[in-house]
Amino acid sequence: MKMLINVPETVVPDALRGIAAAHPELTVDVDKQVVVRRDAPVAGKVALVSGGGSGHEPLHSGFVGPGMLDAACAGPVFTSPVPDQMVAAAAA
């Protein structure tokens, strides 16, 4: 199986831009690599944030939405997100 990657060095930001284009209900911060529900925070709901290495699409960002995650952080390929990303996602 072949993957469609324009430039390996920009695969994560490219994937996040694609998620932003396909899902207007999400807020995507490409610089911090954080995806958040646009309607967050949801009253009466405990926020659920996840993150992990990018390399198996749809990243964790594909699970952000009603009944699922409130935010997700995309780390580099096969590398966990850094604490600053998790803090940004939790704050959002």
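Taken together, the values in this text are just the output of simple stated rules run on the coordinates, not laboratory data. Being a predicted model, the structure only gives us computed values, none of them experimental. Using ideal geometry, Cβ is built from the backbone for each residue, glycine included, and neighbour counts are taken over all protein chains shown.
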(request) Would you mind ranking V42, V12 so that the residue whose beta carbon has the fewest other beta carbons within 10 Å leads the list? (result) V42, V12
(request) Report the extension gain between D31 and A91 in nm, rounded to one decimal, defined as 0.36 nm multiplied by the number of residues separating them, less their alpha carbon distance. (result) 20.0 nm
(request) Match the structure shown to one of the listed values (1) 44; (2) 15; (3) 33 of percent of Cα pairs over 24 Å apart, computed from it, and give that label. (result) (2)
(request) Set Lys and Arg Cβ to +1 and Asp and Glu Cβ to -1, take the dipole of segment 8-91 about its Cα centre, and tell me which of V42, A20, G62 lies farthest positive. (result) V42
(message) Angle check, please: helix 11-22 long axis (alpha carbons) against the longest principal axis of the chain (alpha carbons), in degrees 0 to 90, nearest 10.
(response) 50 degrees
(message) Per residue of segment 65-79, what does 6.51 cos²θ - 1.76 cosθ + 1.60 with θ = phi - 60° give for ³J(HN,Hα)? Whole Hz please, x for Gly and Pro, Karplus curve as stated.
(response) x, x, x, 9, 6, 8, 7, 8, 10, 9, x, x, 4, 6, 9
(request) Pull out the extension gain between D14 and V46, defined as 0.36 nm times the separation in residues minus the alpha carbon to alpha carbon distance; nm, one decimal. (result) 8.5 nm
(request) Treat every Asp and Glu Cβ in segment 8-91 as -1 and every Lys and Arg Cβ as +1, leave all other atoms uncharged, and give the resulting dipole magnitude about the Cα centre to the nearest 20 debye. (result) 220 debye
